[in-house]
Amino acid sequence: MQPPIILKGRKIVEGYCKAEALVSTKPISFLGGVDPADGKIVERDHDLYGECIKDKVLCFPHGHGSTVGSYVLYSLAKKKCAPKAIINENADPVVVVGAIIANIPMVDQIEIKQIKTGDMVEVDAYKGFIKIWKEKGAK
Amino acid sequence: MYLTREEERIYDGEFGWANQICMKILVRLGELFHAKRLIPISSSHVSGVSYKTLGDAPTEFIKALANADAKVKVKSTLNPQSFDCDFLCKRLPSDLWEKQLNVLDCFKKMGFKPSLTCTPYYLEKLQKNAHVAWAESSAVVYANSIMGAWTNREGGPSALAAAIIGKTPDYGMHQAENRQPKVLVKLEKPLSNETEFGALGIFLGKILKEEIPIIQGLQKASKDNLKQLGAALATAGMTNMFYYKTPRMQMDKIEKIGVSAEDLKRTIEKLTTTSTQTPDLIFVGCPHCSLNEIRKTAELIGNRKIKKQTEFWICTSRHIKEKAKKYAEKIEKSGAHVLTDTCAVVTWTEKLGIKTIMTNSAKTAHYAPTLNKAETILAPLKECIKKAYKG
């Protein structure tokens with residue numbers, strides 16, 4: 001097994017987890033873009049359309065859209081359909097507030113293209129770094 | 001970010017979950033924007049009150065806060081909800097009305113005033129240079145530009161957190177250096193009505209991004225028209241303030257933009273999406289009408305009666321409707337509806353079979369195609385009234 005790639009970012013919401021990555025190169029709008037009932041991406045022209053964010057390390061550049069989106073993350077967490085962690089390039093207020101109220105570990109200032117969907121990612125959001133184990137055949 | 005001992009204790013949870021989560025929101029946002037401290041605010045205005053725009057997810061969080069005994073620390077007002085309790089509550093499904101009332105009860109329990117308006121600045125005069133935390137982008141621009149107050153464009157959750165803590169992080173529009181104009185806008189032709197003011201806002205919002213403009217030639221503009229300009233500016237872009245009186249400063253280094261009559265004409269044409277001559281709804285009051293706008297509407301109607309099969313809504317706050325009682329009565333006698341607590345954009349117009357909305361508000365014309373799934377006709381008040389009344 002290859003040694004992991006270690007990247008240093010900035011901690012936003014403290015926490016720790018290790019899970020599979022789900023990566024998008026597009027911003028995500030949680031209001032209207034994600035189904036609050038199950039965590040599926042429902043925005044039709046999104047590159048993650050149809051994917052489920054539940055229990056994933058969700059990696060995307062930043063959020064956009066209505067501030068009501070923060071509450072969608074809270075609702076997902078209550079239904080146990082939230083991502084295990086969030087990694088952003090540049091955190092924006094909607095996602096930051098959402099991660100705080102939903103208590104989802106979050107790190108930003110990470111170059112998203114270093115991570116591919118299917119990689120195993122360890123997020124240490126106490127210290128603000130991540131470790132990536134490359135998955136063979138990861139998208 | 002520097003926190004006082006008391007702020008630290010709140011952050012650590014000594015004052016319970018609700019206060020802790022609100023403090024965390026403010027501190028993390030502050031850190032994100034490089035604020036050095038929290039500053040006290042004199043009021044908060046919260047958006048995200050209409051059950052139509054909220055849905056169930058936020059209701060759960062607002063309920064959790066209310067049940068955890070969160071209480072506002074400063075005067076805190078609320079944006080419009082999805083119903084009024086005289087007219088729409090009888091025409092829309094009762095389960096929606098109940099869900100809306102649940103949301104409102106949670107806010108009331110926390111100590112919010114049920115002002116239910118997007119124009120909190122009509123309820124109480126803000127002190128000049130007062131620091132506040134307001135959501136509702138049109139009110140943010142009005143507060144910064146016309147009232148001389150200082151506020152960032154808060155989101156629903158951050159304004160809620162600021163209300164509970166009574167403070168906001170000190171960054172952005174709270175700092176004098178970020179309130180300087182960067183662009184000088186010259187108008188080729190003076191603006192002649194509120195719809196043109198709105199169109200200017202939409203046009204500028206798209207090209208300015210976050211920059212603050214000085215707009216020349218508006219010294220004598222009415223506050224009602226400036227309200228339309230600011231609402232549209234915030235709708236189309238991220239600008240939080242404009243100057244309509246030229247401040248004393250060096251003008252040679254500032255970027256200059258010219259706006260032609262053709263630019264505005266094209267903007268208004270784009271905001272009209274249909275060629276139909278028979279709108280299902282004629283709507284004024286986005287943002288909510290001032291006393292003066294209600295009076296003007298009543299005067300333009302005169303003693304006429306509304307055309308058959310025509311629906312005309314004038315939306316405002318309870319506060320203004322009470323003050324404008326004799327004009328409101330006159331308008332209602334003509335067959336139109338003066339609705340409080342709500343507006344066409346945040347209620348379920350499509351459930352009422354409304355497919356085309358005629359309005360004098362550029363902001364509504366911008367939002368209605370997506371939020372109301374309606375076609376739009378944008379035209380000044382005079383034309384809206386001409387469409388609604390005989391003779």
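Brief remarks on what is shown
- Each Lys and Arg Cβ is given +1 and each Asp and Glu Cβ -1; about its Cα centre, the range B:272-388 then shows a dipole of about 420 debye.
- Over 23 Å between alpha carbons, listed pairs B:Lys99/B:Lys363; B:Lys52/B:Lys323; B:Lys333/B:Lys390: B:Lys99/B:Lys363; B:Lys52/B:Lys323
- Cut-off under 5 Å, modelled amide H: who pairs with B:Cys315 long-range: B:Val284, B:Gly285, B:Cys289, B:Leu339
- Exposure proxy for B:His337, B:His366: other Cβ atoms within 10 Å of each Cβ, ordered fewest to most, give B:His337, B:His366.
- The range B:319-391 versus the range A:1-69: alpha-carbon centroid distance in Å: 40
- Oblate is the label for the range B:10-138, because the ratio a/c of its alpha-carbon gyration tensor axes (a ≥ b ≥ c) is 1.5 or higher and a/b is not greater than b/c.
- The range B:4-42-the range B:190-260 distance, computed between alpha-carbon centres (Å): 35
- Extreme residue, positive dipole direction of the range A:4-109, given options A:Ala82, A:Phe30, A:Gly15 (C-beta unit charges): A:Gly15
- Reachable aspartates and glutamates from A:Lys136, criterion Cα separation under 16 angstrom, eight or more residues apart if same chain: A:Glu20, A:Asp119
- Taking all pairs of distinct alpha-carbon atoms in the range B:1-56, Kirkwood radius in angstrom: 13.0
- The helix-only estimate of mean residue ellipticity at 222 nm for the protein assembly as shown, built from DSSP H runs of length n ≥ 4 each weighted as -39500 (n - 2.57), is -10000 deg cm²/dmol after division by the residue total.
- Trypsin sites (Lys or Arg not before Pro) restricted to the range A:6-92 and DSSP loop, no more than 11 other C-beta within 10 Å: A:Arg44, A:Lys80
- Legend: ranking of residues B:His288, B:His131 from fewest to most surrounding C-beta atoms inside 10 Å; resulting order B:His131, B:His288.
- Here chain B yields Rg over Rh of 0.98, to two decimals, using C-alpha coordinates and the Kirkwood radius.
- For the range B:149-273, the calculated P(r) over all alpha carbon pairs, in 10 Å bins from 0 to the bin holding the longest distance, is 12, 41, 31, 14, 2 percent.
- Positive dipole terminus of chain B, leading residue within B:Gly302, B:Ala66, B:Thr4 (C-beta point charges): B:Gly302
- Share of Cα-Cα pairs in the range B:237-391 lying beyond 20 Å, as whole percent: 55
- Cysteines in chain B lacking a second Cys C-beta under 4.7 Å: B:Cys22, B:Cys85, B:Cys89, B:Cys106, B:Cys118, B:Cys286, B:Cys289, B:Cys384
- Think of the protein assembly as shown as a dipole: +1 on every Lys or Arg Cβ, -1 on every Asp or Glu Cβ, centred on the Cα centre; then among B:Pro380, B:Ile25, B:Gly166, B:Pro380 lies furthest on the positive end.
- A quarter of the convex hull surface defined by the alpha-carbon atoms of the protein assembly as shown gives 25.7 nm² as the mean projection.
- Sparse packing (at most 13 other Cβ atoms within 10 Å of the Cβ) combined with a DSSP loop state is found for the following GluC sites (Glu not before Pro) in the range A:101-139: A:Glu111.
- Of the beta bridges in the range B:5-176, as assigned by DSSP with both residues counted there, near 25 percent are antiparallel.
- Chymotrypsin sites (Phe, Trp or Tyr not before Pro) restricted to the range A:32-139 and DSSP loop, no more than 10 other C-beta within 10 Å: none
- Charge sum, other residues only, whose C-beta stays under 12 Å from A:Ser75's C-beta, Lys/Arg counted +1 and Asp/Glu -1: 0
Every read-out reported here was derived from the displayed coordinates using simple, explicitly stated rules and does not represent laboratory data. Quick caveat: nothing in here was measured; it's all calculated off a predicted structure. Every residue, glycine among them, receives a Cβ derived from its backbone with ideal geometry; neighbour counts consider all protein chains shown.
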